[in-house]
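*Asks:* Before anything else, here's the structure in question.
The values are calculated or read from the model by the stated rules, or taken from the named source; none is laboratory data. Computed from a prediction, not measured in an experiment: that's the story for all the values here. Positions of Cβ are generated from backbone atoms using ideal geometry, with glycine treated the same way; all protein chains shown enter the neighbour counts. Just so you know, the surface numbers come from the protein's heavy atoms only, side chains and all, with ligands and any DNA or RNA stripped out. Shrake-Rupley method; radii C 1.70, N 1.55, O 1.52, S 1.80 Å.
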Amino acid sequence: MTGRAQGCTVLHVDMDAFFASVEVRRRPELAGTPVIVGGAGNRGVVTSATYEARRYGVHAAMPTARALRLCPTATVLPGDLALYAEVSRSVMALFRSITPLVEPLSLDEAFLDVAGAGRRLGDAAEIGEYIRARVFDEQGITCSVGVAGSKFVAKLASTRAKPDGMLVVRPQEVLDFLHPLPVGALWGVGPKTEEQLLRLGLRTVGDLAHVPAKTLQRAVGTASGAHLHELAWGRDPRRVVPDEPEKSTGHEETFGTDVDDPEVIHRELLLLAERTAGRLRSGGWLARTVSIKVRFADFATITRSRTLDVPTDVGQELYDTARSLFDALGLDRARIRLVGVRAERLVEAGSAPQQLELGAREHGRRDAELAADRAARRFGAGAVRPASLLRRDGRPGRGVRAGPGPADRQSGAARNLRGRSVVDHSEE
């Protein structure tokens, strides 16, 4: 390739404040105002925030209560993972229409290798602008794009381009781009490693680059030292690897206060099973195995699983299995902090055999759940739900929210699509 993106074949595309942007698209009256997506209550956590909220210091993983102290005028929304997953699928389909070499990192970001698309669509910079325009036109949200010769530099470039921008870093510009950055910008540098490097007087990537590799290895370990030395000089040989089939999906819930009532746990398992089944159906998957996770008040955590005779995407079947696993634990009013339901060993819905039952109804439970899916897409998450999840006044029961909330994160309730986190990483 020649010109603006000479030597660049890798894009990192990252949606801007993804969850929050999708909510603003759905509620245009919130445009230009601070919006927070996350859970309410003492244990609620921010999963996404518009840039208007971020100006007050709000960021992902911050307790919602603290975020509201920083930005009292913010609108807090519970979120709608089914909607975010639907938008993500459309965006990823756009990427795959450009190149088959698409490596999603989460719902809202992916690497693309566009080396084979140049003749059709132009150089990597032109493709980046094309993607930004298509995402905005088709989805009504913005994205930022990093263009470079390697995955590492492309991801850093997209971060620098935020929000709603694009940055091209050609090979001859890599060191000028990298070396002024703080050492914490390097992949593999977490808080502890960064603290150790700062104690050594290494504040920028350039400082680190000029330390002998052996010295760095003695300080942070052989593998980490070698890795950081290579990155500091812009060397990242990893290729863009198309995503692997989805392995598992699930939801967890952290209670506002510890719970010891089995009936409350059962209702929560039902809600989580329904959400998990919805994710399976929207992705075209069936689960062979169902597992539960239980975390106690002292943070001790146990898991149990069971393999099904026939794979399923029916919420009631996931719930029946999850409840059986929980009841088999024989807990005697133990105080529980968190419960989770996961669907594992996934197979494509069209490839799995269906069990035929003698005398089965023409329309069964799965048909009812598919109808509920259609209602949710039209009227919003929680439009149709099992009666046991409603109070007598017809509203969601105590502790049951209409959408994903505080634990719907990599370390919380909603976990991965295609095995990846659903946390909004656009803050990075």
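*Asks:* Going by amide H atoms built from the backbone, whose H comes under 5 Å of the H on Val45, apart from near neighbours?
*Replies:* Under 5 Å from the amide H of Val45: Gly39, Thr64.
*Asks:* Please compute the volume of the convex hull spanned by the alpha-carbon atoms of the stretch 255-345 and report it per residue in Å³.
*Replies:* Values: hull volume 7.8 nm³, N = 91.
Given the Cα convex hull of the stretch 255-345, per-residue volume reads 86 Å³.
*Asks:* Which translational diffusion coefficient, to the nearest whole µm²/s, is obtained for the stretch 46-200 from the Stokes-Einstein equation, given a Kirkwood hydrodynamic radius over C-alpha pairs, 37 °C and 0.692 mPa s?
*Replies:* 185 µm²/s
*Asks:* Would you please give the FRET efficiency between Arg345 and Ala300, computed as 1/(1 + (r/R0)^6) with r the Cβ-Cβ distance and R0 = 30 Å, to the nearest 0.05?
*Replies:* My answer for the efficiency is 0.70.
*Asks:* How long are the semi-axes of the equivalent ellipsoid of the stretch 181-293, defined as square roots of 5 times the Cα gyration tensor eigenvalues? Whole Å, largest first.
*Replies:* Those come to 45, 21, 11 Å.
*Asks:* Between the stretch 72-111 and the stretch 248-314, how many Å separate their Cα centres?
*Replies:* Their Cα centres are 23 Å away from one another.
*Asks:* How much length would be gained if the chain were fully extended between Ala226 and Asp176, taking 0.36 nm per residue of separation minus their Cα-Cα distance, in nm to one decimal?
*Replies:* On the way: separation 50, 0.36 × 50 = 18.00 nm, distance 2.10 nm.
Computed gain between Ala226 and Asp176 is 15.9 nm.
*Asks:* What's the Cα-based Rg to Rh of the stretch 203-266, Rh via Kirkwood? If you can, show how the numbers build up before the last one.
*Replies:* On the way: Rg = 22.5 Å, Rh = 16.4 Å.
Value, to two decimals: 1.37.
*Asks:* Report the equivalent ellipsoid semi-axes for the stretch 126-259 in whole Å, largest first, defined as the square roots of five times the eigenvalues of the gyration tensor built from alpha carbon atoms. Intermediate results must be reported in sequence, preceding the final value.
*Replies:* Details: eigenvalues 182, 122, 45 Å².
One finds semi-axes of 30, 25, 15 Å for the stretch 126-259.
*Asks:* Moving on to the next point. Could you put Met62, Met166 in order of accessible surface area, largest first, with the 1.4 Å probe and the full protein assembly present?
*Replies:* Met166, Met62
*Asks:* Search the structure for amide H atoms under 5 Å from the amide H of Val102, placed 1.01 Å from N in the peptide plane, and list their residues when 5 or more places away or on another chain.
*Replies:* Asp243
*Asks:* Let me know the charge dipole size of the stretch 199-278 about its Cα centre in debye, to the nearest 20, where only the beta-carbon of Lys, Arg (+1) and Asp, Glu (-1) is charged.
*Replies:* 1120 debye
*Asks:* Rounded to whole Hz and in sequence order, give me ³J(HN,Hα) for the stretch 336-348 from the Karplus expression 6.51 cos²θ - 1.76 cosθ + 1.60, θ = phi - 60°, writing x for Gly and Pro.
*Replies:* 10, 8, 8, 10, x, 10, 10, 9, 10, 6, 6, 10, 5
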